[in-house]
Number of protein chains: 2
Amino acid sequence: MSEISSKVDKEARQKAASVIRNRFLQLIDQIKKGEPPIMEIPQRNINNTHYDEVRKLLLLGDKKLKRSFLDLNEAKRFMQTSLMGSIIYEALINDEYPTIRDLFYRGKHTLVLRGPDNRTVEENTWDEQKESDSVIVDIEVFTSLLREEMLILSKEKGKVVGDMRIRSGNDVIDLSKMGHGAYSIEPTPDLIDFVDINADFVLVVEKDAVFQQLHRAGFWRQYRSILVTSAGQPDRATRRFVRRLNEEHKLPVYILTDADPYGWYIYSVFRIGSIALSYESERLATPNARFLGVSMADIFGTDKKKAYLSESDRRSFIIKAKDYDKKRAEEIKNYPWFQTKGWKEEIDIFMKKQAKLEIEAMASKGLKFLAFTYLPDKIQKQDYIA
Amino acid sequence: MSEISSKVDKEARQKAASVIRNRFLQLIDQIKKGEPPIMEIPQRNINNTHYDEVRKLLLLGDKKLKRSFLDLNEAKRFMQTSLMGSIIYEALINDEYPTIRDLFYRGKHTLVLRGPDNRTVEENTWDEQKESDSVIVDIEVFTSLLREEMLILSKEKGKVVGDMRIRSGNDVIDLSKMGHGAYSIEPTPDLIDFVDINADFVLVVEKDAVFQQLHRAGFWRQYRSILVTSAGQPDRATRRFVRRLNEEHKLPVYILTDADPYGWYIYSVFRIGSIALSYESERLATPNARFLGVSMADIFGTDKKKAYLSESDRRSFIIKAKDYDKKRAEEIKNYPWFQTKGWKEEIDIFMKKQAKLEIEAMASKGLKFLAFTYLPDKIQKQDYIA
């Protein structure tokens, strides 16, 4: 297996293994000095998560928790963190590519302990994957390594096509030569080398089927763009890939979703990060991503702008907002990063009209309308919400 | 747009448009002759679906229904079928690539009719996508064209890597040069040309994350195989792609899923087809696909065979079967295509042990165990269930 592993993988393994090793060696030092072993780990909860107005990101604060081996309330979690650290380290030095599900299984067993009264006690290392997943995140914040850097793999949905060449593993791949198919983004997007890019912007499409249509219609060729789909809620690899295109190649990123609070949230995850994963926003979020549409103003028009839909289009295509849409909109309205003029207007129109619309409704006016009128028009006028 | 469209797309369009045209011209002939227009469409229901013991496929029978424009009970469905036929035809000749969701929107409107008593009546063409989807299937069986042949696109999840070259659109793509990523199968797999294939078998993996692992470990290189993932329940394109590899290149197809009734059903869809889509089994199913594992005998062993798991592995990894698993197993037990010695034994052990197992449990014994011991061992011994 190791002969087949690519050079980038080998280097990534060595780096991650050495970081983990050094981090845990500190604990051994404490023990050697006769001190109780204590891990200092950044707190991951809403109290230690804040929206950074300057960097425009959801970030983890400075608060740390001390996990002491000798504290009865912390001993189990200390054991779990050490166990996971050692499993990941073993996987790294053995050329393994575990998934988070694997790591759950690998660590799952029963410890049999003998108490001071000589009775045996049984304790499971963990019972549910959500326990072991949470421990993996502890390792991430404890070591400042993302799980991708530790060669932990996962299911991936993101796809990309466009006029660019990348190096992944031992191959150079031309993403403009994918035929009618597409390139599936790898689970470790930091190991990708961008060889060259010939594009003016990135268009991220929420829906895979719409991505297929735009690809087939030649959108990215005609409008010099990199076309990406997240196929619903974006996974980490897709977010990181988009962020790198923006950061390293200064390509503007436009997000295209359904016109509803669920679509707004997808945009928000790309742009700001998510509360659950705020410890990684710094690496995964694209703080200047732009919501291209479909916007409420596109549907209904405003004083300043003509609607893209006719009255009869609206009658046929609009869907009445459900209660959960309204509830979601109320929540989103309160997020600090939606406190801009553009977003306030957008959410207001939604609340007033109680209406939502799928991107497919735009395509049903003709794919040519979506690909060659609506999208280029919006981009040319820089008609986005940020 | 048409300049960008590939030659294969243009040819496919012309063919499909001409078939649809001819099929509907027959209706016009009937009208010209003064006859009531009638569509004869194969019945799509459980009464007209049978398991063909010889061809080992779920197939649609000979029963047809007559849909007459002048029959009040049929007039609406007749209108819907004609409407959908014309929308698809328009899309074909206008170089469009609609999705089934688009087709729903394109046809959705209100007809205003004036009755003999001079009162107006309003009638929606359709209200829900499941109505328009069902009409699309009517068009498929009426014209004997699969929706893919009519250039109707859809969301796709299937991925592939391996030592093979394909032509898709205007590109030749080398599926052995995908780096750590993979090739996303296009929505119209019949338009793919297999240029050359250098492999001994196809391994289809239910889970995307396990596919990622096997790919990264170099499984397909070491064991000369084409590696495919369906990422859960297979979509039509993945099924057709696998079927073509089997039929046109005589590659044996092995299916790897979790050891549970849901995994068996995924195998069954690949091999036999599904009841809902029996009209297309003939094109999409792979009647000699083999269930490689994980099998109950792999977990527990039998008189003739040693288990791959130790007693302690079983204690850690086995999941108790849920009620819905048992219910599903009872249903599957009665399907005609599960009436083989191998499947009866498999389902019996499941019922007795009431246990299931995820593929990841195998990987947690070490990815090397899964990739370089378990899988090659099973294939070399031809230890599959069929």
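The values are calculated or read from the model by the stated rules, or taken from the named source; none is laboratory data. The structure presented is a predicted model; accordingly, all values stated were derived computationally and were not measured. Note: ideal-geometry Cβ built from the backbone for every residue, glycine included; neighbour counts use all protein chains shown. Heads up: the accessible areas ignore ligands, DNA and RNA and are worked out on the full protein's heavy atoms, side chains in. Shrake-Rupley method; radii C 1.70, N 1.55, O 1.52, S 1.80 Å.
With both labels modelled 7 Å from their Cα along Cα-to-Cβ, the A:K76 to B:A276 distance reads 4.2 nm.
For segment A:199-231, a decrease in accessible area of 10 Å² or greater in the assembled protein chains relative to the isolated chain, with a 1.4 Å probe, applies to A:D208, A:A209, A:Q212, A:Q213, A:R216, A:A217, A:G218, A:R221, A:Q222, A:A231.
Rg and Dmax of chain B, based on Cα coordinates, read 24.0, 81 Å. With a simple spin-label model that places each label point 7 Å from the Cα along the Cα-to-Cβ direction, the separation between A:K63 and B:K7 comes to 6.6 nm. In chain A, the beta-carbon sitting nearest the axis that superposes A on B belongs to the residue given here with its distance in angstrom, A:S184, 3. Taking every alpha-carbon pair under 8 Å whose residues sit at least 6 apart, chain B reaches a relative contact order of 13 percent.
Short-range pairs are left out: with C-alpha atoms under 8 Å and at least six residues apart, the relative contact order of segment B:159-381 is 17 percent. What does the charge count around B:E123 come to, taking other residues whose C-beta lies under 14 Å from its C-beta (Lys +1, Arg +1, Asp -1, Glu -1)? Around B:E123, the surrounding residues sum to +2. Each label point was placed 7 Å from the Cα along the Cα-to-Cβ direction; for A:E128 and A:R315 their separation is 5.1 nm.
For the peptides B:275-288, B:114-127, the ranking by mean Cβ contacts within 10 Å, running from highest to lowest, is B:275-288, B:114-127. Per residue, segment B:136-235 exposes 23 Å² of solvent-accessible protein surface, assessed with a 1.4 angstrom probe and all protein chains in place. To put it simply, the accessible area of the protein assembly as shown at a 1.4 Å probe is 50 percent carbon and sulfur. Ascending distances from the A:K32 label point to its copies in the other chains, with the point 7 Å along the Cα-to-beta-carbon line: 9.6 nm.
Per residue, the average separation of C-alpha pairs within less than 8 Å and at least 6 apart gives segment B:147-199 a relative contact order of 45 percent. The A and B chains share an interface that buries close to 5000 Å² of accessible area, total over both sides, probe 1.4 Å.
If you find the alpha carbon centre of segment B:276-293 and of segment A:272-290, how far apart are they in angstrom? Their Cα centres are 43 Å away from one another.
Here is how far apart the A:Q339 label points are across copies: 7.0 nm, shortest first, using a point 7 Å from Cα toward Cβ. Share of pairwise Cα-Cα distances greater than 41 Å in the protein assembly as shown is 39 percent (whole percent).
Each copy carries a label point for B:M351 at 7 Å from Cα toward Cβ; from one copy, the others' points are 6.0 nm away, ordered from shortest. Computed from the Cβ-Cβ distance with R0 of 22 Å, the FRET efficiency linking B:T373 to A:E90 stands at 0.75.
Multiplying the residue separation of A:Q14 and A:R221 by 0.36 nm and subtracting their alpha-carbon distance yields 70.6 nm.
On the principal axes of its alpha-carbon atoms, segment A:159-381 has extents of 54, 40, 27 Å, going from largest to smallest.
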